[in-house]
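Colleague: Here it is, the structure in full.
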Number of protein chains: 2
Amino acid sequence: MKRIALLLFAVAAVAVIAASADSGAGRANDEISPIFRVTIPPGYRDWRLISVAHEEGNLNDLRAILGNDVAIKAYREGKLPFPDGTIIARLAWNYVPLEESEKAFGRLQSFVAGAPKNGVQFMVKDAKKYASTGGWGFAQFNDGKPADESAHKTCFPCHATVRARDFVFNRYSP
Amino acid sequence: MKRIALLLFAVAAVAVIAASADSGAGRANDEISPIFRVTIPPGYRDWRLISVAHEEGNLNDLRAILGNDVAIKAYREGKLPFPDGTIIARLAWNYVPLEESEKAFGRLQSFVAGAPKNGVQFMVKDAKKYASTGGWGFAQFNDGKPADESAHKTCFPCHATVRARDFVFNRYSP
């Protein structure tokens, strides 16, 4: 009986050490965005497509806007404001001319998505939690790491320009 | 017993009449692409995203490439050729400057997807059925109606330029 108790104690101790080592590595904390405390939603790359876009200038990317089930349902029903639980993801990639197409046409014709660029962004709807920012929490992750606080301070002022669309730039593309 | 038999006969007769009426309306035939005999795969708008692109020139659109489960699995595993059952969908929309963004930046900055444009295209893999075109059947539908035969004759010669990627232009965007 004493041996079993000792064994259980040892197992528990190892578990505690492992947990603190994990927390010590800061992995969990690293993945929470400043200000809004948003984490990367699991499986977001499998979400359905809302729309696509291209940004010129310094951003110079091709992007896709994906939505979780709550988001897609709300978009398709055309109801505003978006309900709590809506999450919208913005992915972006390098804006790259397609070599084969350029050869075939003898000029620039097709631009495709290259390597990931400009991080991944999320908008999370929680009307109560994010009351001071239109009900939305914002997050940007670069290679899985959250962007800094100053970057997150720019989200809401910009999205405020589309207040009439519940602060969401992208419309649903059928 | 006779009554039941008569009733069954009547039900069968109504079913036959209904089926022929439906076929008479030509709905099924209208939705089959010439040459390759491809139909619009149900639920394709809910498929997962492969990548995004922008075409300049006359096409002048923003597009999304979606794949059915077979396609996404093959892409993620990086295996070529794509297995039978792969379907890749190409959606496209008008290339439209985003008004709010133009105002905010004082110049063109963001381009978003407008109304659907340039139809919806599909590539369907069936190595045996489409042996003479690299194992791929091609289809374009404009507002649900298949494009004509001459349009479908241009698909394979163009895709042949990316024979090394199993005739598929778009790579998977992580």
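Colleague: How high is the relative contact order of region A:25-172, in percent, with contacts defined as C-alpha pairs under 8 Å that are six or more residues apart?
Modeller: Here the relative contact order equals 24 percent.
Colleague: Return the FRET efficiency for the residue pair B:LEU108, B:LYS129: r is the Cβ-Cβ distance, R0 is 45 Å, and the value is rounded to the nearest 0.05.
Modeller: So, using R0 = 45 Å, E works out to roughly 0.50.
Colleague: Can I ask one more? How far, in nm to one decimal, is B:ASP84 from itself in the other copies if the label point is set 7 angstrom along Cα toward Cβ? Shortest first, please.
Modeller: For B:ASP84, the inter-copy label distances come out at 5.1 nm.
Colleague: Ignoring ligands, DNA and RNA, what percent of the accessible area of region B:37-174 is carbon or sulfur (1.4 Å)?
Modeller: Its accessible area is 55 percent carbon and sulfur atoms.
Colleague: Just to be sure I understand: if you take the accessible area of chain A alone plus chain B alone and subtract the pair, with a 1.4 Å probe, what total do you get in Å², rounded to 100?
Modeller: That pair of chains buries around 3200 Å² in total.
Colleague: Using the Karplus curve 6.51 cos²θ - 1.76 cosθ + 1.60 with θ = phi - 60°, work out ³J(HN,Hα) for each residue of region B:87-100 in order, rounded to whole Hz, and write x for Gly and Pro.
Modeller: 10, 10, 10, 10, 9, 8, 9, 3, 8, 10, x, 7, 4, 4
Colleague: What does the charge count around B:PHE169 come to, taking other residues whose C-beta lies under 14 Å from its C-beta (Lys +1, Arg +1, Asp -1, Glu -1)?
Modeller: +1
Colleague: Turning to a different aspect of this structure: Going 7 Å from Cα along the Cα-Cβ axis for the label, what nanometre distances separate B:GLY106 from the same residue across the other copies?
Modeller: 4.1
Colleague: Report the paramagnetic label zone for A:GLU100: residues of region B:116-153 whose backbone N is under 14 Å from a point 7 Å from Cα along the Cα-to-Cβ axis.
Modeller: Those under the cut-off are B:123, B:134-136.
Colleague: Going 7 Å from Cα along the Cα-Cβ axis for the label, what nanometre distances separate B:THR39 from the same residue across the other copies?
Modeller: Label point to label point, same position, other copies: 4.4 nm.
Colleague: A drop of at least 40 square angstrom in accessible area, chain alone versus all protein chains together, probe 1.4 Å. Which residues of region A:86-100 meet that?
Modeller: The answer is A:TRP93, A:LEU98, A:GLU100.
Colleague: Please go through the residue pairs A:LYS103/B:LYS73; B:LYS79/B:LYS125; A:LYS79/A:LYS125; B:LYS73/B:LYS117; B:LYS129/B:LYS153; B:LYS73/B:LYS125 and name each one whose alpha carbons sit more than 19 Å apart in this structure.
Modeller: Long pairs (Cα-Cα over 19 Å): A:LYS103/B:LYS73; B:LYS73/B:LYS117.
Colleague: Near A:CYS158, within a Cβ-to-Cβ distance under 14 Å, what is the net charge of the other residues, with Lys and Arg +1 and Asp and Glu -1?
Modeller: Around A:CYS158, the surrounding residues sum to +2.
Colleague: Using a 1.4 Å probe on the heavy atoms of the protein chains only, list every residue of region A:42-60 that has 40 Å² or more less accessible area in the complete assembly than in its chain alone.
Modeller: A:ARG45, A:ASP46, A:ARG48, A:LEU49, A:VAL52, A:HIS54, A:GLU55, A:GLU56
Colleague: Please give the Cα centre distance for region B:27-87 versus region B:146-174, rounded to the nearest Å.
Modeller: 11 Å
Colleague: If we count every other residue with Cβ under 14 angstrom of A:GLU56's Cβ, Lys/Arg +1 and Asp/Glu -1, where does the sum land?
Modeller: Around A:GLU56, the surrounding residues sum to -1.
The values are calculated or read from the model by the stated rules, or taken from the named source; none is laboratory data. Bear in mind the structure is a predicted one, so any value in this text is a computation, not a measurement. Please note: Cβ atoms are built from the backbone with ideal geometry, for glycine as well, and neighbour counts cover all protein chains shown. What goes into the accessible areas is simple: the full protein's heavy atoms, side chains included, and nothing from ligands, DNA or RNA. Shrake-Rupley method; radii C 1.70, N 1.55, O 1.52, S 1.80 Å.
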